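The values are calculated or read from the model by the stated rules, or taken from the named source; none is laboratory data. Everything numeric in this text was worked out from a predicted model, so none of it was measured. All Cβ positions, glycine included, derive from the backbone under ideal geometry; neighbour counts span all protein chains shown. The protein model used for the area step is the full one, side chains on, heavy atoms only, and it has no ligands, DNA or RNA in it. Shrake-Rupley method; radii C 1.70, N 1.55, O 1.52, S 1.80 Å.
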Amino acid sequence: MTTNNSCITQTNLDGVLPLINRGKVRDIYQVNNETLLFVATDRISAYDVIMNNPIPEKGILLTKLSEFWFHFLSADVKNHLIAIGDEIFNHLPFVLYDDLKYRNQLKNRSMLIKKCKLIPLEVIVRGFLTGSAWNEYKKFGTVHGTTMPQGLKESQEFDKPIFTPSTKAEQGKHDENITKEEAIQILNGDVKLIDDLEKLAIKLYSKCKEYSKTKGIIIADTKFEFGIDEITKELILVDEVLTPDSSRFWSLENYQVGKSQDSFDKQFLRDWLTTNKLNGAEDVDIPEDIIEKTRAKYEEAYESLTY
Ligand SMILES: Nc1ncnc2c1ncn2[C@@H]1O[C@H](COP(=O)(O)OP(=O)(O)O)[C@@H](O)[C@H]1O
Ligand SMILES: [Mg+2]
């Protein structure tokens, strides 16, 4: 991957397209009624707070990794991708290509996507006992409210991956772990929809987990988002897929049960924040060495998985 130090913390298209949302990482523009432009910036968030400084080229790596997985899973699930890479410019007002000021903001970090009716859940699948699930298990012996076998250890692999949805919080609020029953309520009692989501999410996760192992990476857990085709009612895989932002990646080589794992993902930054009692704090400047190490982790994850 070529390196240059151009960071995009926030895009500005001067109203050429209407900005409809700035998420924690993505700036989203409306192209037309059916289509959105999804631009992954270099912003990084941890514990739901955006850090002051960006990780160079993170948005490019995230976009390319999602593209890889969309393709990898294309026989298993439809997805929202319409165009990626330079092809996006064929669908956009010419000035966004013609004027370098805009092209440089969008190039390599944007996807053109089908605007979908979203299912209002974070569809999380866990293969290993870690993070908030480990914390809950230690206290109550449960994971997302479901009683688990006794004696499980930190980072232990479950017999089968488990579906552990959480709420999709509005901007500025925190997602909450919920039980499957609570998820059914959020979907207005649609038990079939939840069953379909659970089956599909576990299938997708399992396939990618097996593949990743051959590349030396354990995907400990991941968060998917789905939309629904309003006419055919088919599930559509949306958002980003199996990136270090939406998943926990661990090194297979260094994996050891009974402790927390060093990882390819943001855990690095999270650990720095926790050690400095900054988890959840606003207005955090990440030191240069943590930026560089985090960047290297993103790049390593991308390269290990896609080469
Ligand atoms: N195909 C789609 N149609 C509409 N919204 C989408 C689609 N794919 C993803 N989204 C939404 O776009 C946003 C992505 O931006 P991001 O910066 O990741 O936001 P967040 O802070 O919510 O994670 C998310 O709110 C996600 O639900
Ligand atoms: Mg997101």
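For the reader, a short list of remarks on this structure follows.
- Residue that is farthest from D271 (Cα to Cα) [pool: residues in the stretch 22-57 that are open to solvent by 60 Å² or more (accessible area, probe 1.4 Å) and not in a loop (DSSP other than H, G, I, E, B)]: R22
- Filtered residue count, the stretch 1-42, keeping only those that are under 18 Å from A169 (Cβ atoms) and either of a type in the set (A, V, I, L, M) or touching a helix residue (DSSP H, G or I) at 6+ places or on another chain (Cβ under 9 Å) (or both): 3
- Qualifying residue in the stretch 278-291 (condition: touching a Ser or Thr at 6+ places or on another chain (Cβ under 9 Å) and either open to solvent by 60 Å² or more (accessible area, probe 1.4 Å) or more than 16 Å from ligand 2 (Cβ to nearest atom) (or both)): yes
- Exclusive hit being at pLDDT below 95 and within 16 Å of ligand 2 (Cβ to nearest atom), set D239, D271, D265: D265
Here's the yes/no breakdown for (1) assigned to a helix (DSSP H, G or I); (2) free of Cβ contacts under 8 Å to residues at least 24 places away in the same chain; (3) open to solvent by less than 10 Å² (accessible area, probe 1.4 Å); (4) among the charged types (D, E, K, R):
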{"residue": "I184", "(1), (2), (3), (4)": "yes, yes, no, no"}
{"residue": "N188", "(1), (2), (3), (4)": "no, yes, no, no"}
{"residue": "L204", "(1), (2), (3), (4)": "yes, no, yes, no"}
{"residue": "K209", "(1), (2), (3), (4)": "yes, no, no, yes"}
{"residue": "F224", "(1), (2), (3), (4)": "no, no, yes, no"}
{"residue": "G227", "(1), (2), (3), (4)": "no, no, yes, no"}
{"residue": "E240", "(1), (2), (3), (4)": "no, no, no, yes"}
{"residue": "S260", "(1), (2), (3), (4)": "no, no, no, no"}
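- Count of the stretch 66-113 residues which are within 21 Å of the chain's Cα centre (by Cα) and either free of Cβ contacts under 8 Å to residues at least 60 places away in the same chain or part of a loop (DSSP other than H, G, I, E, B) (or both): 16
- Only listed residue being more than 16 Å from ligand 1 (Cβ to nearest atom) and surrounded by fewer than 16 Cβ atoms within 10 Å (Cβ to Cβ), chosen from T164, T214, T232: T214
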